Amino acid sequence: MAVTDSQRPLAPRAPALRPLRGRAAVMAALLAVAAVLAAAARAQEPSPDPGWVELEGAWTATGTRQVLEMGPGRTAAIIHLTGSVVLTNPGGLSRGFHSEAIGFEDGRGASVGQGVWTDERGDQIFIDTRGEATESGRHIVGTISGGTGRYAGLEGGYEFDWKYLIANPDGGIQGWGVGIKGRVRQPAARETAP
């Protein structure tokens with residue numbers, strides 16, 4: 001015997017939605033208003049400073065370290081390094097630079113220095129650095145203070161961790177700057193910024 005649609009049992013019905021009442025209705029309204037206000041606030045937030053672009057990369061260098069003994073357990077040093085900077089996210093700069101840097105370590109953990117990055121066209125970026133000793137080397141903060149050619153008026157900064165790979169007794173050193181991260185802005189971007 002065949003079962004017809006009218007003879008099949010009905011599936012259980014979903015409970016009917018009841019209108020919100022009392023506190024639940026007030027809470028739902030408050031949540032909706034809060035969501036709208038939050039979205040409006042996000043829409044009015046100022047955009048990041050125009051013209052700034054991120055840069056990332058690494059630095060390898062070799063050079064010399066001249067040490068001055070300052071009594072038991074303390075030295076001061078002058079460092080001269082040359083090498084290559086390779087930017088994986090160049091932020092509008094060239095991807096590769098020849099680098100040269102000089103620096104002074106005070107024997108108490110602090111260091112200061114200056115550097116020049118030169119691109120394939122001979123245009124240069126000038127950098128002032130300061131650093132602090134870490135367990136495995138130094139944490140360096142660089143401030144870009146202009147340049148030549150297409151980098152004239154460039155501003156910005158970056159930071160990285162310097163790791164000594166080789167430090168010979170004769171003063172020869174080799175190392176690398178790990179995790180260069182920072183941002184730069186060209187002069188044209190400053191002029192168009194509101």
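No lab work stands behind these numbers, since they all come straight from the coordinates. These numbers come from a predicted model, not from an experiment. All Cβ positions, even for glycine, are placed from backbone atoms using ideal geometry, and neighbour counts span all protein chains on display.
Brief remarks follow.
- Among residues of segment 124-172 being outside any helix (DSSP H, G or I) and of a type in the set (Lys, Arg), the one that is surrounded by the fewest Cβ atoms within 10 Å (Cβ to Cβ) is Lys163.
- Taking the conditions (1) in contact (Cβ under 8 Å) with a residue 40 or more places away in the chain; (2) closer than 18 Å to Thr60 by Cα in turn, Asp119 satisfies each one other than (1).
- Those residues of segment 57-76 which are aliphatic (A, V, I, L, M) and in contact (Cβ under 8 Å) with a residue 60 or more places away in the chain, in sequence order: Ala58, Ala61, Val67
- Of the listed requirements (1) farther than 26 Å from Gly172 by Cα; (2) touching a residue at least 12 places away in the same chain (Cβ under 8 Å); (3) touching a Leu at 6+ places or on another chain (Cβ under 7 Å), Trp52 misses just one: (3).
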